[in-house]
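Participant: Just dropping this structure here.
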Amino acid sequence: SVFHPEALAAIPAGFEKFSLPAVKMLPGFALDTTPLPTAITSISNLPALSSSINRSGFVNRVLDVDGILRRASPVMLMGGKAYGSLPLEMAQVIRGEKVSLTLNGDGTVGEMHWEKTGKIIPTSPQGSLDINFLGPERHLRYVSALQVLQHAAGDRSLASLRDTFQGAHVLIGVSALA
């Protein structure tokens, strides 16, 4: 079974506020037979952080047999609710619109789309989507935390970080997966 009472009890109170609100589970949908990614529990934010934010997204990966990441799951089920990945949550904020998800009676994704525009998000029936890489590895500007700190301390050998970050959506955190 996908329900483990002890594991689900460890999820902080109020965590369900991060679930996707527009999820339609059609008759016959069963959590214990769906091919969609399903979590037993999660490593959650600190309670003080969770209480002060409106969105939170999961991070995970499944590599192909050759070790390359080519697909991602924008949605994961946990405790009977659907949760968005960090990229999906960021996209909702950036676009200013929410995602609508329909889960078929056979456990697969029927449709995932943006609520305002109706534009389809091209997921497979198993809930994954192909990653559209924009070019070769590291072709986008990468700025380490050390470079930011050096710049803040007066090292002007770096190009203006203000220009680099102008209009950008910036993630601050460790470089490990999770």
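Participant: How many of the residues in the stretch 1-37 are touching a Pro at 6+ places or on another chain (Cβ under 9 Å) and at pLDDT 90 or above?
Facilitator: Adding up the residues that qualify gives 1.
Participant: Can you tell me which residue is nearest to Gly105 (Cα to Cα) among those in the stretch 26-57 that are touching a Ser or Thr at 6+ places or on another chain (Cβ under 8 Å) and open to solvent by 40 Å² or more (accessible area, probe 1.4 Å)? Before you say what the answer is, go through the steps one by one.
Facilitator: In the first step, residues of the stretch 26-57 are kept if they are touching a Ser or Thr at 6+ places or on another chain (Cβ under 8 Å); the result is 26, 31-32, 34-37, 44-45, 50, 56-57.
Checking the rest, the ones that are also open to solvent by 40 Å² or more (accessible area, probe 1.4 Å) come to 26, 32, 35, 45.
Values: Leu26: 5, Asp32: 12, Pro35: 12, Asn45: 32 Å.
Looking at residues that are touching a Ser or Thr at 6+ places or on another chain (Cβ under 8 Å) and open to solvent by 40 Å² or more (accessible area, probe 1.4 Å), I get Leu26.
Participant: Filter the stretch 62-119 down to the residues that are polar (S, T, N, Q) and closer than 28 Å to Gly28 by Cα and list them by number.
Facilitator: Answer for the stretch 62-119, where residues must be polar (S, T, N, Q) and closer than 28 Å to Gly28 by Cα: Ser73, Ser85, Ser100, Thr102, Asn104, Thr108.
Participant: If you don't mind, another one. Is it the case that the stretch 82-99 has a residue that's open to solvent by 70 Å² or more (accessible area, probe 1.4 Å), assigned to a loop (DSSP other than H, G, I, E, B), free of Cβ contacts under 8 Å to residues at least 12 places away in the same chain and more than 20 Å from Pro125 (Cβ to Cβ)?
Facilitator: No.
Participant: State which residue is farthest from Met112 (Cα to Cα) when the search covers only the stretch 1-38 and only residues that are over 21 Å from the mean Cα position of the chain (by Cα) and of a type in the set (Phe, Trp, Tyr).
Facilitator: If we take residues in the stretch 1-38 being over 21 Å from the mean Cα position of the chain (by Cα) and of a type in the set (Phe, Trp, Tyr), then Phe3 is farthest from Met112 (Cα to Cα).
Participant: In addition: Can you say whether Arg141 is farther than 28 Å from Ser73 by Cβ, at pLDDT below 75, open to solvent by 100 Å² or more (accessible area, probe 1.4 Å) and not small (Gly, Ala, Ser), as far as the supplied structure shows?
Facilitator: For Arg141, the condition - farther than 28 Å from Ser73 by Cβ, at pLDDT below 75, open to solvent by 100 Å² or more (accessible area, probe 1.4 Å) and not small (Gly, Ala, Ser) - is not met.
Participant: So, in the stretch 100-115, how many residues would count as being in contact (Cβ under 8 Å) with a residue 40 or more places away in the chain and either under 18 Å from the mean Cα position of the chain (by Cα) or open to solvent by less than 40 Å² (accessible area, probe 1.4 Å) (or both)?
Facilitator: Summing the residues that are in contact (Cβ under 8 Å) with a residue 40 or more places away in the chain and either under 18 Å from the mean Cα position of the chain (by Cα) or open to solvent by less than 40 Å² (accessible area, probe 1.4 Å) (or both) in the stretch 100-115 gives 9.
Participant: Taking the stretch 160-178 as the search range and keeping residues that are open to solvent by 60 Å² or more (accessible area, probe 1.4 Å) and either farther than 29 Å from Leu63 by Cα or in contact with a Cys (Cβ under 7 Å, 6 or more places away or on another chain) (or both), which one is modelled with the lowest pLDDT?
Facilitator: For the stretch 160-178, the residue satisfying everything is Arg162.
Participant: Consider Gly79 carefully, then state whether it is buried (at least 17 other Cβ atoms within 10 Å of the Cβ) and touching a residue at least 40 places away in the same chain (Cβ under 8 Å).
Facilitator: yes
Participant: Follow-up question, since we're still on this one. Looking at Gly118, Gly127, which is the one that is in a loop (DSSP other than H, G, I, E, B) and loosely packed, with under 10 Cβ neighbours inside 10 Å?
Facilitator: Numbers: Gly127 fails: loosely packed, with under 10 Cβ neighbours inside 10 Å.
None of the other options fit; the residue is Gly118.
The values are calculated or read from the model by the stated rules, or taken from the named source; none is laboratory data. Just so we're clear, the structure is a prediction, and the values are computed from it rather than from any experiment. No Cβ is skipped: glycine too gets one built from the backbone with ideal geometry, and neighbour counts run over all protein chains shown. Quick note on the areas: whole protein, heavy atoms, side chains included, nothing else; ligands and nucleic acids left out. Shrake-Rupley method; radii C 1.70, N 1.55, O 1.52, S 1.80 Å.
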